[in-house]
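Step one of this worksheet: look at the structure below.
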Amino acid sequence: MIAGRGAETAESFELLRRFAGHLDAAVGGTRPIADEGWIPFENQVGQTGCTIRPRICIALGVSGAIQHTEGIKDTKLMIAINQDEEAPIFQIADYGIVGDLNQILAEYLKEK
């Protein structure tokens, strides 16, 4: 699971971590997320971070800038949630949801 600027609040990150826990997923992020201290730098994914090759990657609030997508380009299945329907992440996502990640994750977690 990858977090972007759209998950840059305490509320968003708490929901993201709970969601990751339900999926038994690791949490990584974009450079701004690491710069803000929401994740350790070793969990930063992209050109200035690490490259990952997961079978499934869920991008939450990730815009899809080339600096980041270089680190995830070999993902088998990409799922993206972003409020901006024009976000570049949707060009590489297999499945995309346009919406507020707080509402989407809260609704999912309410059912669990």
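Remarks
- Under 19 Å from the residue 50 label point (7 Å along Cα→beta-carbon), backbone N, the range 12-34: 17, 20-21, 23-34
- Relative contact order [Cα under 8 Å, 6+ residues apart], the range 2-111, whole percent: 25
- Prolate/oblate/rounded label for the chain (Cα gyration tensor, a/c 1.5): rounded
- In this calculation the C-beta distance from residue 67 to residue 26 is compared with R0 = 22 Å, giving a FRET efficiency of 0.60.
- Radius 15 Å from Cβ of residue 33, net charge of other residues (Lys, Arg +1; Asp, Glu -1): -3
- Residue of 55, 17, 31 that the Gaussian network model of the chain assigns the largest fluctuation, springs spanning Cα pairs under 10 Å: 55
- Computed helical MRE - 222 nm, the chain, DSSP H runs ≥ 4 contributing -39500 (n - 2.57), nearest 500: -9000 deg cm²/dmol
- Computed lengthening from residue 76 to residue 103, 0.36 nm per intervening residue step minus Cα-Cα distance: 7.1 nm
- Local net charge near residue 98, Cβ-Cβ under 10 Å (Lys/Arg +1, Asp/Glu -1): -4
Every number here is computed from the coordinates shown, using simple stated rules; none is lab data. Treat the numbers as computed from the prediction; the structure is a model and nothing was measured. Every residue, glycine as well, gets a Cβ built from its backbone with ideal geometry; the counts of neighbours run over all protein chains shown.
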